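Working notes, beginning with the structure itself.
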Amino acid sequence: MTNSFGEFGKARMFFVIGSNMTEAHPVAATFLKNAVMNGAKLILVDPRKQPLANFADIHAQIKVGSDIAFLNGIMHVLITEDLYDKEFVASCTAGFEDLKKTVMAYPPERAAEISGVSADMIRDIARMLASVKPAMLCYTLGITEHTCGKNNVMSTANLQMLLGNMGVESGGVNPLRGQNNVQGACDMGALPNVFPGYQQVANPDARAKFEKAWGVKDLPAKPGLMIPQMMEGLADGKVKAFWVFGENLANTEPDIAKVEHELASAEFLVCQDIFPTETTRFADVIFPSAGWSEDDGTFTNSERRVSRVRKVSQPPALAMPNWWIFKEIARRFGHDWASSSGEELWDNEISALAPALAGVKYGRIEQDGLQWPVPDDEHPGTAFLHKEGKFTCGLGVFTAVEWTPPAEVPDEEYPLVLSTGRRLYHYHTRTQTGRSGLDYLLPEETADMSSADAEALGILSGEMVKVRSRRGEITVKAKVTPQVPQGMVWMAFHFRDACANWLTNPVFDPATQTAEYKACAVRIEKI
């Protein structure tokens, strides 16, 4: 997030796109709903009439996978009606003419044809956005989990820069992270192209710094593999060994049948987790690791806040802290890593090597944590980024992007769009929530569908149906609901037998390698 949760209460306008906040981020959604009830405006862009629609001034019920065309249509109106922030664009950005040239090809009528949102509503949204400043833009996986996910994100940034909503309190582009501490994992370098603190592996100065700190030579100058490339490497023999740390890939990756073949192809597979999962069935070795409350450490949340996590119980049996497991394996490879606690890791390594985290010390995060960047020990942290329109690279760069459809669209054989997401009572593959009693509140998955589609197929709510795609089929209970528009089916991936990922399409954004979980073609059959 460029901004902070604390700014929600001061916000005058929210633009929420591709985010089922009330179920996937209920705490953040509470902040937003409180702000709306105190007078803030809300524009919701989502294919479903999800609960947040009840709070919205405008709900744009967009077609799955049409975000770029829709956003380009809004920007077309802002430019042609002279509603954009000309001062901000002139002084703080670059690339406006290229953006203008592209969005001029998306008048509201064309954007409406692609997105399903009327031309009049597109104009109303543009005018409302221009009338209230600043506005906070929030998105989640409904934006990123597409083959054009990176371009979707770029398009949201284009909109906020065009409106001059960057570098100000209660503005910005605010992705709500999909998993606990995913922000922290990225910050620590759990990406194949960066060292901790987002220092590029292609930068020779960064490599030299980490080679010296880690006591090694010749760190790779090219990024490593992304998860889809690793998985495909298992199947074709290019990847021999695989270490799965805190991931249940056999349920979370698209096309489970394909994933299970890839996992079974590994010559040597290590799993490190707190419970047995569908993935640990394939493991040659399982390292039992301590849970979040069984060791001292930190999490970093969506707003870049580094917070303490404190040990309250002993790990069971042979379970050990994750850092200890990695350190012991390294020792057996001949490396003696000095740090032996979360505190030592932060103070002696992370803050010493990552400039954005230089001022984050254990002694400074005892209370409410710190939001990076924190460049030195006196810095109070950064509530919002790009203050006064000053971007990391100098000017904010507009990136003109064209709309592209999903990789798989409905046809005669598979006439419905399946889109996936999360439900309130469970977390991902239920590795934790399935053991905590929450099955009492949500015991099974459903295929959510419109009354029009149900009537056409002769299906009653509560009946068991088959949902088929080109990759597999599942038997699941139908749920007829006004939330879902005609032509769409909506499911989650929490329950193994009725997991949506038996059906989803293993195609990926070419840059980020994020899977297109939000769109594939299916059919429903009455049993």
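The values are calculated or read from the model by the stated rules, or taken from the named source; none is laboratory data. None of these values were measured; they are calculated from a predicted model. Here the Cβ positions follow ideal geometry from the backbone for every residue, glycine too, while neighbour counts run over all protein chains shown.
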Considering residues that are out of contact with any helix residue (DSSP H, G or I) (no Cβ under 9 Å at 6 or more places or on another chain) and small (Gly, Ala, Ser), the number found within the range 70-94 is 1
Unmet requirement for Glu388, which otherwise passes all of (1) surrounded by 12 or more Cβ atoms within 10 Å (Cβ to Cβ); (2) acidic (Asp, Glu); (3) modelled with pLDDT under 95: (1)
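Hey, any hits in the range 87-104 for a residue that's in contact with a strand residue (DSSP E or B) (Cβ under 7 Å, 6 or more places away or on another chain), in contact (Cβ under 8 Å) with a residue 12 or more places away in the chain, on the phi < 0 side of the Ramachandran plot and not small (Gly, Ala, Ser)?
Within the range 87-104, one or more residues are in contact with a strand residue (DSSP E or B) (Cβ under 7 Å, 6 or more places away or on another chain), in contact (Cβ under 8 Å) with a residue 12 or more places away in the chain, on the phi < 0 side of the Ramachandran plot and not small (Gly, Ala, Ser).
Rundown of residues vs (1) under 29 Å from Pro506 (Cβ atoms); (2) in contact with a strand residue (DSSP E or B) (Cβ under 6 Å, 6 or more places away or on another chain); (3) surrounded by fewer than 16 Cβ atoms within 10 Å (Cβ to Cβ), yes/no style:
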position: Lys466; (1), (2), (3): yes, yes, yes
position: Arg470; (1), (2), (3): yes, no, yes
position: Thr475; (1), (2), (3): yes, yes, yes
position: Thr481; (1), (2), (3): yes, yes, no
position: Val484; (1), (2), (3): yes, yes, no
Gly363, sole failed condition from (1) in a loop (DSSP other than H, G, I, E, B); (2) at pLDDT below 95: (1)
Considering only the range 437-462, how many residues are among the charged types (D, E, K, R) and free of Cβ contacts under 8 Å to residues at least 12 places away in the same chain? 2
Would you point out the residue of the range 20-48, among those that are in contact with a strand residue (DSSP E or B) (Cβ under 7 Å, 6 or more places away or on another chain) and among the basic types (Lys, Arg), that is nearest to Pro134 (Cα to Cα)? Lys41
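Condition first: assigned to a strand (DSSP E or B) and more than 22 Å from Ala135 (Cα to Cα). Now tell me which residues in the range 369-393 satisfy that.
Selection gives Leu370 alone.
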Kindly state which strands (runs of 3 or more DSSP E) lie completely within the range 1-76 and contain at least 3 residues that are under 24 Å from Gly167 (Cα atoms) and outside the structural domain of Tyr517 (by TED's automatic domain parsing). 13-17, 41-45
Does Ser293 satisfy the condition of being touching an Asp or Glu at 6+ places or on another chain (Cβ under 9 Å), of a type in the set (Gly, Ala, Ser) and closer than 27 Å to Ala319 by Cα? no
Within the range 340-360, tally of residues that are without any contact (Cβ under 8 Å) to a residue 12 or more places away in the chain and assigned to a loop (DSSP other than H, G, I, E, B): 0
Any idea which residue in the range 160-172 is nearest to Lys101 (Cα to Cα), counting only those that are among the aliphatic types (A, V, I, L, M) and surrounded by 23 or more Cβ atoms within 10 Å (Cβ to Cβ)? Leu162
Answer yes or no as to whether Val45 is buried (at least 22 other Cβ atoms within 10 Å of the Cβ), more than 18 Å from Ile143 (Cβ to Cβ) and not acidic (Asp, Glu). no
Positions within the range 215-228 being touching a Phe, Trp or Tyr at 6+ places or on another chain (Cβ under 9 Å) and either farther than 17 Å from Gly189 by Cβ or free of Cβ contacts under 8 Å to residues at least 40 places away in the same chain (or both), in sequence order: Val216, Leu219, Pro228
